[in-house]
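Just so it is clear, none of the values below were taken in a lab; they were calculated from the coordinates. It should be emphasised that the depicted structure is a prediction, and the values quoted were computed from it without experimental measurement. Here the Cβ is made from the backbone with ideal geometry for all residues, glycine too, and neighbour counts use every protein chain on show.
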Amino acid sequence: MNKQAQRVLTALWHTLLFSRRVLTGFLVNHGILLAGGVGYNVLLSIVPLFAVFVAVLSRVVDEAQLISTIHAQAQLLVPGNAGLLVETAEQLIDDKVYIGGIGFLGLLFFSSLAFRMLEDAISIIFYRRAHPHTRRFWVSALLPYIYVLVLGIGVLALTLLVAIVNRISGGDHGFSVVDLRLSWEAEAVLYGFGFIGIGLLFTSIYKVLPVVRIALRRALVGGFIAAVLWELSLWVLVYYFENISLVNTVYGSFATLIVVLLSFEVGAVIVLLGAQVIAELERSAAAGVAWYEEADEADL
């Protein structure tokens, strides 16, 4: 066996050892259970989050253009069911009887639930028994709302950018949940920047939510790998639900809810697995051992 083949086999063996360590740590931390909690809270938060965006941002930009942008971003989260989520958010905003000052605060609270749950899940994965870290209460209390604010700014910027591209390319400005009637250039901008936005969102989760300090390089790599896995998993889920699954037969009218919930739970598993990878790399670095070697808790 030549040296090149030996290096490849050694790298594969080290990767296998590291993957086993990551999966073991993920199961020890009850990652599937955590992902279920995160997915459920994302389901609770997604419609209030869109409703908050529509209620606030429609005061400064065209509502039809804003809705089309939000619909395109929802397609990155739940392809095939984005129209239902956006229509629900629109109906919630149009119901003036229930939306007031207190109602808006309620929407803001529920829109932050997913980030609260995700912070708790991330803290479990990055917990170090030898040197436990804590975060000030007010920081944890404000973090979810900071995320909502940043996402709102991102949606506003993307809406304005798409409007400019759409006008330059001569696209129609009409809106329909079924047919967005955007130019192909505007659709490409929506998809491209939406994907980058998801990658940066995952990166910020890995960089900001852990109480321990995470290297930006590892957070970026983990964030965009998670974004790619998220996109691939959604394609697989769409194919499965459309061609193989009996979910429509088994659950009937609840089928859409089940599909959306499972999509969010799979996404949560991907995000938490990425966090587990980064946590193991950080532990190896802190212990001064190679990335594939298991760190002794006493050395951390």
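For a test of the definition: using alpha carbon positions, the gyration tensor, and the 1.5 limit on a/c, classify the range 1-86 as rounded, prolate or oblate.
The shape class here is prolate.
Need one number for the range 184-300: average projected area of the convex hull over its C-alpha atoms, nm².
10.3 nm²
For the range 224-242 and the range 58-76, write down the distance between their C-alpha centroids in whole Å.
Taking the Cα centre of the range 58-76 as reference, the centre of the range 224-242 is 23 Å away.
Could you line up 26, 53, 193 from fewest to most neighbouring Cβ atoms inside 10 Å?
Least to most surrounded, the residues fall as 193, 26, 53.
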